[in-house]
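Chemist: Dropping a structure here in structure tokens format, bear with me for questions.
The values are calculated or read from the model by the stated rules, or taken from the named source; none is laboratory data. Note that the structure is predicted; figures quoted are calculated from it, not measured. FYI the Cβ positions are ideal-geometry reconstructions off the backbone, even for glycines, and counts take in every protein chain you see.
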Amino acid sequence: MEKFTVLNGLVAPLDRSNVDTDAIIPKQFLKSIYRTGYGPNCFDEWRYLDKGEPGMDCTKRPLNPDFVLNEPRYQGASILLARKNFGCGSSREHAPWALMQYGFRCVIAPSFADIFYSNSLKNGLLPVMIPELVLDRLFEDCKATPGYKLTVDLDQQLVIEPSGASTHFDVAPFRRWAMMNGFDDIGITLSRNKQAIEEYEAKRLAEKPWLAPTLQQTEA
């Protein structure tokens, strides 16, 4: 998982409440067994004028000119402003994957669905909760200012505006540490127990050598 310390990025405003995970990555794209390739289908039903299906060449699909993220000024945004209850609906882990593969590293909203919030932290997407009154101002400034950028400092837990004004946010200390060090749950396990795991695997293989072909297939 990529480390998250300080992000200074272009901001895009998605001025909608209750954005659910099926809007973030529609169900027909969940058939893949891989964790890559979801970016082109992020917000698929809002982003394109036709119906998206797995395997389509998204570069040839008609874009919806009324969808805010299709506006040229927001291309390359790494910070998404959203409204309350972002990520509600089903618990699909594909939602933070899709947002990150689109290019976002941080979503700022007044509230998130619990499972989406947890999945995001475990996959390197930083969900930042700030008061609605502050968020209203950020939406206004973003829409009024082409090229609007914010700085998100995870170490200091601050959202810093171009004026220098800052807003504090909270992240659980353990998850903050994990994101700043680039550890997902597997990485955390390996960082603490790698030697014990390797010793166990070596012992098991010595006792049951017929498992070697299975282990080689798993590693491949």
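Chemist: For region 65-122, give me the residue count where each residue is closer than 16 Å to ASN18 by Cα and among the aromatic types (Phe, Trp, Tyr).
Modeler: Going through region 65-122 one residue at a time, the tally reaches 4.
Chemist: Restricted to region 47-58, and to residues that are touching a residue at least 12 places away in the same chain (Cβ under 8 Å) and out of contact with any Leu (no Cβ under 8 Å at 6 or more places or on another chain), which residue is farthest from TRP97 (Cα to Cα)?
Modeler: The qualifying residue farthest from TRP97 (Cα to Cα) is ASP50.
Chemist: Moving to a separate point now. Mind listing just one residue for me: the one in region 71-100 that is in a helix (DSSP H, G or I) and more than 8 Å from the chain's Cα centre (by Cα) and, of those, surrounded by the most Cβ atoms within 10 Å (Cβ to Cβ)?
Modeler: Once the filter is applied, the top-ranked residue is HIS94.
Chemist: Taking TYR148, is it surrounded by 14 or more Cβ atoms within 10 Å (Cβ to Cβ), closer than 22 Å to ALA95 by Cβ and either of a type outside the set (D, E, K, R) or at pLDDT below 95 (or both)?
Modeler: So TYR148 fails the test.
Chemist: For region 120-153, which residues satisfy the criterion of being assigned to a loop (DSSP other than H, G, I, E, B) and in contact with a Cys (Cβ under 9 Å, 6 or more places away or on another chain)?
Modeler: Narrowing region 120-153 to residues assigned to a loop (DSSP other than H, G, I, E, B): 124-125, 130-131, 145-148.
Across region 120-153, the qualifying residues are LEU125, TYR148.
Chemist: Under 7 Å by Cβ, and 6 or more places apart or on different chains, what pairs join a residue from region 22-35 that is in contact (Cβ under 8 Å) with a residue 24 or more places away in the chain with one that is of a type in the set (Ser, Thr, Tyr)?
Modeler: Final answer for the pair search is ASP22/SER90; ILE25/TYR38; PHE29/TYR38.
Chemist: I'm trying to understand the selection: among the residues of region 13-45, which are under 17 Å from ALA109 (Cβ atoms) and out of contact with any Lys or Arg (no Cβ under 9 Å at 6 or more places or on another chain)? Don't jump to the end; show me each part of the working.
Modeler: The first filter runs over region 13-45 and keeps only residues under 17 Å from ALA109 (Cβ atoms), leaving 13-21, 23-24, 42-43.
Within region 13-45, ASP20, CYS42, PHE43 qualify.
Chemist: Return the residues of region 101-119 that are surrounded by fewer than 21 Cβ atoms within 10 Å (Cβ to Cβ), part of a loop (DSSP other than H, G, I, E, B) and small (Gly, Ala, Ser); say none if nothing qualifies.
Modeler: Of everything in region 101-119, those that are surrounded by fewer than 21 Cβ atoms within 10 Å (Cβ to Cβ), part of a loop (DSSP other than H, G, I, E, B) and small (Gly, Ala, Ser) turn out to be GLY103, SER111.
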